[in-house]
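K.L.:
Below you will find the structure I want to go over with you.
Since every read-out is calculated from the coordinates, none of them should be taken as a lab result. Predicted model only: the values in this text are computed from it and were never measured. Here Cβ is always computed from backbone atoms with ideal geometry, including for glycine, and neighbour counts include all displayed protein chains.
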Amino acid sequence: PRYRPDWASLDARPLPAWFDQAKVGVFVHWGVFSVPAWGSEWFWWHWRGEHRPDYEQFVQRRYPPDTTYADFAPHFTAHDFQPREWAQLFQRAGARYVVLTTKHHEGFTNWGSSVSWNWNSLDTGPHRDLVGELGQALRESNIRYGLYHSLLEWFNPLYLADKESDFKTQNFVLKKTMPELYDLVLKYKPDLIWSDGDWEAPESYWNSTSFLAWLYNDSPVKDTVVVNDRWCNNCSCHHGGYYNCADKYKPGTLLTHKWEMCSSIDKLSWGYRSNMNIAELMDEASIIEELVQTVSFGGNYLLNVGPTKEGVIVPIFQERLLSLGRWLDTNGEAIYESKPWRVQMENSTDTVWYTSKGPAVYAIFLIWPQDNILKLSSPTPSPATQVTMLGFAGTLKWQKSPGKGLLVTLPYMLPSPLPPQSGWTVKLEGVK
């Protein structure tokens, strides 16, 4: 059936299966904001839109008088950008898809957009097609490719004029936003479009439904492409493909609609900050906890890094990604292609989370029990019940719990002054 350009029709499209199976993605925020590398990727807005004193002082202290935001672009060099190394890192991190910012709210495009004259990565800065180069490297590594794209641009004169008209005119959409979206799809054939910058204007302004109808009916990716929910000022959590709802969204319950939580290793920013310190970064335990909670509730987990202006993913971000990958090497069976179980977490504690795959149930526990006995009250064991631990050879002893559920005897762990890794998985077969 052909999809009509209205939400009733578009929302009825089944989500391509690959997205729910993937579970784990990496988000990359990279652009001209990586040059000042201070505050956040909203640098231009805080400096020139809100005139925040801390941003004004930062520019006065570090840059010549009369510096404009456009002056940062030539310093966005991507000199050290090695797309194959990025792809290899993301693969080792366990990512099944990667989402790159093709254009943030600053309007600078990371490919040679023909409607972004001189404000794109081919004409200035890197003089490279960053979107295309990363896409090629990811495809070689069998990783799905998502493109983040902002509908609005803070300071684009066409957008400001449309806004002035209360969004009755659509010059910006017709001359800028839509040509770019069609160009991205036709040129790079993305697996995912991560829309943003939707919140100021209604769907009638953005023409989102017409674009999505074309995307689902006639585009080269019509059968495989997945989109999120940020397509108009009241679309979030209601319309589109899967739901983002809000940045760092945690529903705290099982949703009936497919959703994704995006999170950032740097808790204060999505873009790179040269002055970040270790206390402001997520540690391995909190990353794994977020991942496990998200997947138990039926979501996907999209973890963000911000590369430097040279195109380096700094070692501390690499270390966090690799530790996630090592955890997934052992425990991925409970994550990838899994489905939520009838119970998502043990009521007595939020340190045991469940996923399932076919008849197998996985109990992922985030804190090692002191007596080496894991108490699970939700599963109902049977005489045929078998318990194993991912990454550990052999079966584990278990007994029926005096109340309900079962008690699993875990392998003995050597005492250590260091806290052990975060999160282990027992696989339960033959339980209800």
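K.L.:
Filter the trypsin sites (Lys or Arg not before Pro) in the range 352-430 down to the DSSP loop ones having no more than 15 other Cβ atoms within 10 Å, then list what survives.
P.N.:
K397, K404
K.L.:
Next question, about the same structure. Return the single residue from G306, G240, G391 with maximal mean-square fluctuation; model: Gaussian network over the chain, springs between Cα atoms under 10 Å.
P.N.:
Judging by the Gaussian network model, the answer is G391.
K.L.:
Where in the chain are the helices, taken as whole DSSP H runs, whose Cα atoms extend 20 angstrom or more along the long axis and whose Kyte-Doolittle mean reaches at least -0.5?
P.N.:
Helices meeting the span and hydropathy rule in the chain are 315-331.
K.L.:
Sort by residue number and name the cysteines in the chain that have no neighbouring cysteine Cβ under 4.7 Å.
P.N.:
So, C262.
K.L.:
If you don't mind, there's one more thing I want to ask. Using the Karplus curve 6.51 cos²θ - 1.76 cosθ + 1.60 with θ = phi - 60°, what ³J(HN,Hα) values do you get for each residue of the range 256-272, in whole Hz, with x for Gly and Pro?
P.N.:
Along the range 256-272, the couplings run 7, 9, 4, 9, 9, 9, 9, 9, 10, 4, 7, 5, 9, 7, 9, x, 5 Hz.
K.L.:
Pairs of lysine in the range 339-431 with Cα under 12 Å and at least 8 positions apart or on different chains: total?
P.N.:
Working: K339/K357; K357/K427; K375/K400; K375/K404.
Close lysine pairs under the 12 Å cut-off: 4.
K.L.:
Suppose only helical runs count, i.e. DSSP H with n ≥ 4. What mean residue ellipticity at 222 nm does that imply for the chain under -39500 (n - 2.57) per run, divided by all residues and rounded to the nearest 500 deg cm²/dmol? Write down the numbers at each step before the final one.
P.N.:
Values: 11 runs with 104 residues, N = 432.
Result for the chain: -7000 deg cm²/dmol, rounded to the nearest 500.
K.L.:
Which of [x] 56; [y] 47; [z] 52 is the computed percent of Cα pairs over 30 Å apart for the structure on display?
P.N.:
[y]
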